[in-house]
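Notes to accompany the following structure.
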């Protein structure tokens, strides 16, 4: 069990709500609750069964003054979130009663929990591994159903299972090599070809996880999608169409949008920041010049650029300037205003940006938007990852650890191929095991734990 003190915090978001929850965890959690909670049944709290809900009142111990009518949830160790005795008090969700109940709990000897301390205790008490613990915040922060699904799969242990399968394949190899070194007369060496094939099996698992890292990051962190083009090609209309609401001002006057407009959108389950920008052209005044400069900054920081062209007109010199600015960046060409007679030379567009797909739309009438959504998702996710088939690597920390493990295994294979002493391969295999263990928490420093759980909210 972790810790000798009892911790408490408000576990629900600040503000007014129907219900608010105070969570208490630790060796004296039940005693703290017993001093404040009076069951409506009149029962002694020490006799209450675990995993049950009880109606009652929180009262001030010294005066008996009622503070709030609440529901108390009791979870006796080890069958609780943290693995310790846990009590959750669900009261009315106003800030005043919650703060007063928390103050009474702290007055009984509990201390205010640090950020993420409930989940860190769950990890240290073996209720969650580290990857699962990190997934708790991903579930809270998920912005789309698909983002939530990715986080839930990690919380269920899908990523941990894949990492452990690679780790479990390597551990017997290290043990066998070390046994052959220590007891050469009793333990025969494993053929190097067999060692290499087993290492390659672990490498394959690691490579498969790393291949999912780009899509995983997009689902977890979202993507910056910048709408760029010369003035009056329909960029603001396209933003409104992507949002399915009238957010940006649309006029026929070139240069209407002079500053960056950012809005959240859900494109095929991908959380995106759709960014409308000022038209790229030679600015006519200092204010427009600032807008154009900000457009260029957004283009450089984008995960994807939607290059908007007016399909009812031939290519302008300003369009060619846009092509020059975005060349080499991930792009989708949006030929807008396709409800009008098309005069745009699509072959010329393809020659200017040969790798960028072209989608024809009418932002005003909604034509082609489904195809555009699909193309945005496909371009952002690359070759695509089947969410139902495997775990996704969503964390830069996990990705870096997997890269280190892959490099260590590559060195081990080189050692075997060059007929070098097996002790050297053991060193590389142990490096790989340590890197994989950092993901699940089997081998992780206190500094890393403090950094991870420090990102949590206090009630988690």
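Note on the stretch 296-324: residues that are over 12 Å from residue 360 (Cα atoms), without any contact (Cβ under 8 Å) to a residue 60 or more places away in the chain and over 24 Å from the mean Cα position of the chain (by Cα) amount to 9. Scanning the stretch 79-96 for residues that are under 29 Å from the mean Cα position of the chain (by Cα) and either in a loop (DSSP other than H, G, I, E, B) or surrounded by fewer than 17 Cβ atoms within 10 Å (Cβ to Cβ) (or both) yields 79, 80, 81, 82, 83, 84, 93. From the list 91, 83, the one residue that fits, being within 30 Å of residue 55 (Cα to Cα), out of contact with any helix residue (DSSP H, G or I) (no Cβ under 6 Å at 6 or more places or on another chain) and assigned by TED's automatic domain parsing to the domain that holds residue 24, is 83.
On the given criteria, is residue 151 in a helix (DSSP H, G or I), touching a helix residue (DSSP H, G or I) at 6+ places or on another chain (Cβ under 8 Å) and over 30 Å from residue 304 (Cα atoms)? The answer is no for residue 151. Tallying residues that are outside any loop (DSSP other than H, G, I, E, B), out of contact with any helix residue (DSSP H, G or I) (no Cβ under 7 Å at 6 or more places or on another chain) and under 13 Å from residue 85 (Cβ atoms) within the stretch 1-41 yields 2.
Against the definition (buried (at least 16 other Cβ atoms within 10 Å of the Cβ), at pLDDT 90 or above and touching a strand residue (DSSP E or B) at 6+ places or on another chain (Cβ under 7 Å)), how does residue 209 come out, yes or no? Answer is no for this residue. A count restricted to the stretch 219-240 and to residues that are part of a helix (DSSP H, G or I), crowded, with 23+ Cβ neighbours inside 10 Å and touching a helix residue (DSSP H, G or I) at 6+ places or on another chain (Cβ under 7 Å) stands at 1.
Condition test on residue 400, is it within 30 Å of residue 202 (Cα to Cα), assigned to a loop (DSSP other than H, G, I, E, B) and either under 33 Å from the mean Cα position of the chain (by Cα) or in the same structural domain as residue 280 (by TED's automatic domain parsing) (or both)?
In short, no.
Every residue, every condition in (1) at pLDDT 90 or above; (2) closer than 29 Å to residue 222 by Cβ, yes or no:
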site	(1), (2)
307	yes, yes
313	yes, no
317	no, no
326	no, yes
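Quick one: how many residues across the stretch 165-208 are assigned to a helix (DSSP H, G or I) and more than 15 Å from residue 424 (Cβ to Cβ)? Total satisfying the criteria: 25. Return the residues of the stretch 363-382 that are crowded, with 20+ Cβ neighbours inside 10 Å and more than 30 Å from the chain's Cα centre (by Cα); say none if nothing qualifies. Within the stretch 363-382, 363, 368 meet the criteria.
Going by what's in this entry, would residue 334 be described as in the same structural domain as residue 232 (by TED's automatic domain parsing), outside any helix (DSSP H, G or I) and in contact with a helix residue (DSSP H, G or I) (Cβ under 7 Å, 6 or more places away or on another chain)?
Spelling it out, residue 334 is indeed in the same structural domain as residue 232 (by TED's automatic domain parsing), outside any helix (DSSP H, G or I) and in contact with a helix residue (DSSP H, G or I) (Cβ under 7 Å, 6 or more places away or on another chain).
With respect to (1) surrounded by fewer than 22 Cβ atoms within 10 Å (Cβ to Cβ); (2) in a loop (DSSP other than H, G, I, E, B), the lone exception for residue 427 is condition (2). Within the stretch 101-114, being outside any helix (DSSP H, G or I) and surrounded by fewer than 17 Cβ atoms within 10 Å (Cβ to Cβ) holds for 109, 111, 112, 114. In the stretch 117-137, of all residues being in a loop (DSSP other than H, G, I, E, B) and in contact (Cβ under 8 Å) with a residue 60 or more places away in the chain, the one that is nearest to residue 80 (Cα to Cα) corresponds to 125.
The values are calculated or read from the model by the stated rules, or taken from the named source; none is laboratory data. In this text, all values refer to a predicted model and were calculated from it rather than measured experimentally. Neighbour counts are summed over all protein chains in view; Cβ atoms, including those assigned to glycine, are modelled from backbone coordinates with ideal geometry.
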